[in-house]
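Below is one structure; the comments refer to it alone.
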Amino acid sequence: ALITGASSGIGAEFARQLSSLGYNSVLVARRKEKLENLSRKLSEKYNLKSEVLVADLSKQTDINRVCNYISNLDRLDFLVNNAGFGIPKDFYEADLNKQLDMINVHVKAPTCLCYTAIPKMIEQGKGTIINVSSLASLIPKPGSSIYSATKSYLTTFSQTIQLTLKEKGIKIQALCPDYTHTNFHNTDDFKEWDKSKIPKFLWMNVEGVVESSLSALDRDKVIHIPGFKNRLLL
């Protein structure tokens, strides 16, 4: 299982839960120390192989490096495209370079990694790709123009590639969580954002999001919205 954005939050939880199911892991993110700490814990707890691949997926050179790594794997059963970030500002106010980086992380990186992984999975006759999108891809919110747009791409991309891959034994899921307790909102960009304004009942924890995602793979649906209350918002 190769997981991007694996240093914390939903990505780290995917690494833990997939390891508990017996999968070796490749953990991809920017923060080497956090990755190595998680990798060591997974290896010790589950007696499995866990590797670290430090990469900044806003940079094409690093995207290419992860693609090359995938190409050289003997087998890839799971690809979890989880890396992402947000900027709580209107499009015309937010830094343009940061928004272009977001397009790279949310669109270019998953596209390139899927493009590399899918032929390997077809050859194997099976495989699973989870693209971590967002409820914002289905319900646009103020102050998240590029975030919603890139996540909408990820959701639609997942739906369209599943149309042809289903017959080849490959499952695609666009995971669309809403507010989740992670470090997503603990950045400088969110320092003026008041978390308390979001009702507590709308928040989920990472364990519940990932458990819901993995259990939903048995159903014949591409888009998965974890949390009954979140599904009511549509």
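Numbers at a glance
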read-out	value
Every pair of residues 6+ apart whose Cβ atoms lie under 7 Å, when the first sits in segment 147-172 and is under 21 Å from Pro88 (Cβ atoms) while the second is part of a helix (DSSP H, G or I) and open to solvent by 40 Å² or more (accessible area, probe 1.4 Å)	Thr150/Ile103
In segment 1-26, residue surrounded by the fewest Cβ atoms within 10 Å (Cβ to Cβ) [restricted to those that are more than 17 Å from Lys49 (Cβ to Cβ) and among the hydroxyl-bearing types (Ser, Thr, Tyr)]	Ser8
Count - residues of segment 56-92 that are surrounded by 14 or more Cβ atoms within 10 Å (Cβ to Cβ) and of a type in the set (Ser, Thr, Tyr)	2
Qualifying residues in segment 204-234 (those that are part of a helix (DSSP H, G or I), of a type outside the set (D, E, K, R) and modelled with pLDDT under 85) - the one least open to solvent (accessible area, probe 1.4 Å)	Asn230
Any hit, segment 195-202, residues being modelled with pLDDT of 90 or more, outside any strand (DSSP E or B) and either exposed (fewer than 15 other Cβ atoms within 10 Å of the Cβ) or on the phi > 0 side of the Ramachandran plot (or both)	no
Enumeration of residues in segment 133-142 that are in contact (Cβ under 8 Å) with a residue 40 or more places away in the chain and either open to solvent by 30 Å² or more (accessible area, probe 1.4 Å) or not in a helix (DSSP H, G or I) (or both)	Ser133, Ser134, Leu138, Ile139, Pro142
Qualifying residue in segment 143-160 (condition: open to solvent by less than 30 Å² (accessible area, probe 1.4 Å), farther than 15 Å from Val222 by Cβ, in contact with a Ser or Thr (Cβ under 7 Å, 6 or more places away or on another chain) and not in a strand (DSSP E or B))	yes
From Thr128, Thr187, Thr182, Thr164, residue being at pLDDT 95 or above and either under 18 Å from the mean Cα position of the chain (by Cα) or farther than 25 Å from Tyr23 by Cα (or both)	Thr128
Every pair of residues 6+ apart whose Cβ atoms lie under 8 Å, when the first sits in segment 22-47 and is within 15 Å of Val66 (Cβ to Cβ) while the second is of a type in the set (Lys, Arg)	Ser25/Lys49
Long-range neighbours under 7 Å by Cβ, at least six apart or interchain, first residue open to solvent by 20 Å² or more (accessible area, probe 1.4 Å) within segment 119-132, second charged (D, E, K, R)	Ile122/Lys168; Gln124/Arg75
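The values are calculated or read from the model by the stated rules, or taken from the named source; none is laboratory data. Quick caveat: nothing in here was measured; it's all calculated off a predicted structure. In this analysis, Cβ positions are derived from the backbone assuming ideal geometry, glycine residues included, and neighbour counts consider all displayed protein chains. These accessible areas exclude ligands, DNA and RNA; they are computed on the full protein's heavy atoms, side chains included. Shrake-Rupley method; radii C 1.70, N 1.55, O 1.52, S 1.80 Å.
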